[in-house]
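Below is one structure, written out as structure tokens, with a few remarks after it.
Every read-out reported here was derived from the displayed coordinates using simple, explicitly stated rules and does not represent laboratory data. Treat the numbers as computed from the prediction; the structure is a model and nothing was measured.
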Amino acid sequence: MSRSVALPSNPSSVWYYGLTEDDYEDGSEFWGEFTTEIASALQHRFPSFAPPSKRTYMGDECRVILENEYGRVTVSDYLGCVAVCLVETECPTNYGAEFSRVMGLRERWLNRVSAAFMATLDRTFGKGLTPVGCMSNGGMLYRRTA
């Protein structure tokens, strides 16, 4: 499969998934159900995640579907290629002297949950896609994860 899908800057983990033509033809109804299933699976595994209080995007195309103090979960797609990303939250400026401690906690939390993030999505939806290369026009090449 060769497609490019938007990613937020510096994701800690990215889970790629290829929708079938049948899934994609069902349009926005399927997409809404799919993102709800993603959020439900991740909230079950990581209870600290909650939906954002308002519709939020990172960049133009990466919709935030869950967040907590340390991380955000985004989803984006391009022609059936889906990227679900775990990204650290922006650091609030009111931490002051606590800045280093909070940044360390955030980094340790992201490192600790990254593998479980990927495993939860693989277990819920089946194995995702693994990027294997990039073409000169920016299109990514993927293979099914074994």
C-alpha long axis of helix 99-125 to longest principal axis of the chain, angle in °: 30 degrees
For the chain, taking Cα atoms only, what is the radius of gyration to one decimal and the Dmax to the nearest whole Å? 15.7, 53
Which value in deg cm²/dmol, rounded to the nearest 500, describes the helix-derived mean residue ellipticity at 222 nm for the chain, given -39,500 (n - 2.57) per DSSP H run of n ≥ 4 and division by the residue count? -11500 deg cm²/dmol
So for the range 28-69, using the alpha carbon gyration tensor with a ≥ b ≥ c as root eigenvalues (a/c under 1.5 gives rounded; past that, a/b versus b/c decides prolate or oblate), I'd call it oblate
Once amide hydrogens are built 1.01 Å from N within the peptide plane, the residues lying 5 or more places from GLY128 or on another chain with amide H under 5 Å from its amide H are THR145
Stretch gain in nm, segment ASN111-GLU33, where the contour uses 0.36 nm per residue and the Cα spacing is subtracted: 25.2 nm
State, as an integer percentage, the relative contact order of the range 2-129 based on alpha-carbon contacts under 8 Å between residues 6 or more apart. 35 percent
Rounded to 10°, Cα long-axis angle of helix 28-45 versus longest principal axis of the chain: 40 degrees
Please identify, among VAL87, VAL113, VAL73, the residue showing maximal mean-square fluctuation in a Gaussian network model of the chain using a 10 angstrom Cα cutoff. VAL113
Could you work out how much longer the chain between LYS54 and LEU79 gets when fully extended? Use 0.36 nm per residue separation minus the Cα distance between them, nm to one decimal. 6.4 nm
